[in-house]
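Chemist: A single structure is presented below for examination.
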Amino acid sequence: MPLRKLLAYAAIYVLWGGSFLAIREIVAGAHAVPPFFAAGFRFTLAGFTLLLWSRLTGPLSLTLRQFLSAAALGLIMFACNYASLFWVETRVASGIAAVVSAMIPVWICAGEIFFLRTLRATALSLGGIALGFAGVALLSLRSSTNPAHTSAFAVLVMIAGTLSWSTGTLWSRRLVLPTPHRANAGFQMFTGGIYLFILSLAAGEFGRIPPLSVLLSPRVLVSMAYLIVAASIVAYTAYVWLIAHDSPTRVASYAYVNPVFALILGAALAGERLAPLQIAGAALVLAGVVATLMGKQKAAAPSPQPQRSSLTAPAAGRKSLEFRD
């Protein structure tokens, strides 16, 4: 494998996998930063940086339709998903959050099979969806040997967030979005960050922001810099490049590599220990993601009807990018 491609895979595997522990370092603990405020700060700054980068490297034009589409996805994908993720990580181990987040490609596959009809159901893909459900169910059970690391309500909130991200991903294929991809991601992140700040204000978090000495502590500064630079900009750029230069199925392997790396980091650096029931649930989720990605098959294209040649064909589905942590 060429060095550039190897480095790109290392970026999406390692940098995205490490983002879950970085989030928990910011929002958990005695002097934690409020979760919605932290998420809003991350994506407002990351989105602004991407927009500035796009503007400095080429023309940046935006129609009203493109802006409204990006703003809608910013609400559904970034505000809803990351509000749930940052809040959940105040209550749940980072490894568990990473495993539940890995369900996103499973939900997307289910949507493509049952709603969009762009994929054909196979035994492997349906089995993967079932395994994912079973794994999440196990993760939501409170373990008598390790009750602190799981919460059924928190897992349900996390599932709602992953469903919002998956819905936005599927919907994005029908929208007219800004170009280039950096600008598209930038607008979505920036508007998502603004929504998160509004949510933070409504939740009364501005009155609970810790003192400047906490915000400027090495733990918070390093973790936030990691989320903005490494996870939101560097890893995203590597992902976009890989989508253009390698098989989408191979690129999608990040979905089951990230949780493994997150579990290892959580155990090694934060002392997170999973109970046997949680380990079994995580294994089922990861097996479900692998099976779902391997079992995806495109639905058969409809037969051409030459007698209706005067009608214009429907627009081709737009390939979407799935931004991650």
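The values are calculated or read from the model by the stated rules, or taken from the named source; none is laboratory data. All values reported here derive from a predicted model rather than from experimental measurement. Backbone-built Cβ (ideal geometry, glycine too); neighbour counts: all protein chains shown.
Chemist: Does at least one position in region 13-36 carry a residue that is within 19 Å of the chain's Cα centre (by Cα), in a helix (DSSP H, G or I) and surrounded by fewer than 21 Cβ atoms within 10 Å (Cβ to Cβ)?
Modeler: Yes, that holds for at least one residue.
Chemist: Out of region 244-269, which residues are surrounded by fewer than 18 Cβ atoms within 10 Å (Cβ to Cβ), modelled with pLDDT under 90 and of a type in the set (Val, Ile, Thr)?
Modeler: Passing the criteria: only THR249.
Chemist: Regarding SER69, is this residue without any contact (Cβ under 8 Å) to a residue 12 or more places away in the chain and among the hydroxyl-bearing types (Ser, Thr, Tyr)?
Modeler: In short, no.
Chemist: If you check every pair at least six apart or on different chains, which have Cβ atoms under 6 Å apart with a residue in region 257-278 that is in contact (Cβ under 8 Å) with a residue 60 or more places away in the chain and closer than 9 Å to GLY95 by Cα first and a residue that is not basic (Lys, Arg) and not in a helix (DSSP H, G or I) second?
Modeler: Taking only residues 6 or more apart or on different chains, the pairs are PRO259/ALA102; GLY266/ALA93; GLY266/GLU272; GLU272/ALA93.
Chemist: Continuing with this model, one more query. Just the residues that are in a loop (DSSP other than H, G, I, E, B) and either touching a residue at least 12 places away in the same chain (Cβ under 8 Å) or closer than 30 Å to PRO180 by Cα (or both), please, taken from region 195-238.
Modeler: Passing the criteria: ALA203, ARG208, ILE209, PRO210, SER217.
One line per residue, one yes/no per condition, for (1) over 20 Å from the mean Cα position of the chain (by Cα); (2) closer than 16 Å to PHE67 by Cβ; (3) among the aliphatic types (A, V, I, L, M):
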site: MET189; (1), (2), (3): no, yes, yes
site: TYR195; (1), (2), (3): no, yes, no
site: LEU199; (1), (2), (3): no, no, yes
site: ARG208; (1), (2), (3): yes, no, no
site: VAL214; (1), (2), (3): yes, no, yes
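Chemist: Quick check on my filter: what residues within region 173-192 are surrounded by 19 or more Cβ atoms within 10 Å (Cβ to Cβ) and outside any helix (DSSP H, G or I)?
Modeler: Passing the criteria: LEU177, PRO178.
Chemist: Still on this structure, please answer the following. Would you tally the residues in region 272-287 being surrounded by 17 or more Cβ atoms within 10 Å (Cβ to Cβ) and outside any helix (DSSP H, G or I)?
Modeler: Here the count works out to 3.
Chemist: Surrounded by 24 or more Cβ atoms within 10 Å (Cβ to Cβ) and either under 18 Å from ASN258 (Cα atoms) or more than 18 Å from the chain's Cα centre (by Cα) (or both): which single residue out of MET77, MET158 fits that description?
Modeler: Step by step, each of MET77, MET158 is checked, and only MET158 is surrounded by 24 or more Cβ atoms within 10 Å (Cβ to Cβ) and either under 18 Å from ASN258 (Cα atoms) or more than 18 Å from the chain's Cα centre (by Cα) (or both).
Chemist: Can I ask one more? Does ILE96 satisfy the condition of being touching a residue at least 60 places away in the same chain (Cβ under 8 Å), closer than 20 Å to ALA255 by Cα and in a helix (DSSP H, G or I)?
Modeler: Yes.
Chemist: All but one of (1) closer than 14 Å to GLN66 by Cα; (2) surrounded by 14 or more Cβ atoms within 10 Å (Cβ to Cβ) hold for LEU170; which doesn't?
Modeler: Answer for LEU170: the failing condition is (1).
Chemist: With closer than 27 Å to ALA299 by Cβ, crowded, with 20+ Cβ neighbours inside 10 Å and of a type in the set (Gly, Ala, Ser) as the only criterion, which of SER54, SER69 stands out?
Modeler: Result: SER69 is the single residue among SER54, SER69 that is closer than 27 Å to ALA299 by Cβ, crowded, with 20+ Cβ neighbours inside 10 Å and of a type in the set (Gly, Ala, Ser).
Chemist: Related question: When you check PRO147 against the structure, is it within 25 Å of LEU45 (Cβ to Cβ) and either at pLDDT below 90 or of a type outside the set (Asp, Glu) (or both), yes or no?
Modeler: Considered against the rule, which asks whether it is within 25 Å of LEU45 (Cβ to Cβ) and either at pLDDT below 90 or of a type outside the set (Asp, Glu) (or both), PRO147 comes out as no.
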